[in-house]
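Presented below is the structure to which this report refers.
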Amino acid sequence: MLLEIKHIPPEDTYQLRHQILRPNQTIEACKYPADHDQYAFHIGVYSVGDLISIASLYKEKHPDIKGEHHYRLRGMATHPEYRLQKAGTHLIHKAESILRERQADTLWCNARTTVSDYYKKLGFHEVGNVFDIHPIGPHIIMAKAI
């Protein structure tokens, strides 16, 4: 299956964010404050014209993580039918390539604890303790040098 990765506008992320990450919330909850920030970017994976995986990245420093030029990964989601195609992994690798071009040295996220092992396979490590994001559930900060 041929996968195509493209830059996308933030509005194109809202449907998958809602469907996968926030199904019990409104579509408004899927619009993040920094979506249109000048340093933010959004990428998506397409399969036969269908958007199947998304990620949004924001220039945002985390005070508990080493490095000077941080980017935060938010709203990463892959349609369940395509998870075995490694769309999310391709997306992260593309994001890292873009971030290296932007001179970023660290990528971090608030990961749901249910997917922390996935991020570990991508080279992330846990930072700090588990915390709750209501109404979504337990999360852990994860980071990696890029």
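Shown for segment 13-146: the carbon plus sulfur share of the solvent-accessible area, taken with all protein chains present and a 1.4 angstrom probe, equals 50%. Between Leu84 and Leu3, the simple label model (points 7 Å from Cα in the Cβ direction) yields a spacing of 1.4 nm. Per-residue 3J(HN,Hα) values for segment 2-12, derived from phi via the Karplus relation 6.51 cos²θ - 1.76 cosθ + 1.60 with θ = phi - 60°, read 7, 10, 10, 9, 9, 5, 9, x, x, 4, 6 Hz in sequence order (x marks Gly and Pro). Taking all protein chains into account, the per residue accessible area for the chain stands at 55 Å² (1.4 Å probe). In segment 1-93, Cα pairs under 8 Å separated by at least six residues give a relative contact order of 29 percent.
Across segment 60-68, computed HN-Hα scalar couplings (Karplus, 6.51 cos²θ - 1.76 cosθ + 1.60, θ = phi - 60°) run 8, 7, 9, x, 9, 10, 5, x, 10 Hz from first to last residue, x flagging Gly and Pro.
Relative contact order of segment 58-146, taken over Cα pairs closer than 8 Å and 6 or more residues apart, is 29 percent. Distance from the Cα centroid of segment 23-69 to that of segment 8-22 is 9 Å (rounded to whole angstrom). Taking θ as phi - 60° and the Karplus parameters 6.51, -1.76 and 1.60, the scalar couplings of segment 17-23 work out to 4, 5, 5, 9, 9, 9, x Hz in sequence order, x denoting glycine and proline.
Close amide H contacts of His69 (hydrogens built in the peptide plane, cut-off under 5 Å, sequence separation of 5 or more or a different chain): Asp105, Thr106.
Shown is the FRET efficiency for His69 and Lys120, computed with R0 = 25 Å from the Cβ-Cβ distance and rounded to the nearest 0.05: 0.65.
The values are calculated or read from the model by the stated rules, or taken from the named source; none is laboratory data. Treat the numbers as computed from the prediction; the structure is a model and nothing was measured. For neighbour counting, all protein chains shown are included, and Cβ atoms are generated from backbone atoms with ideal geometry for every residue, glycine included. Side chains are part of the model used for accessible areas, which takes the heavy atoms of the whole protein and leaves out ligands, DNA and RNA. Shrake-Rupley method; radii C 1.70, N 1.55, O 1.52, S 1.80 Å.
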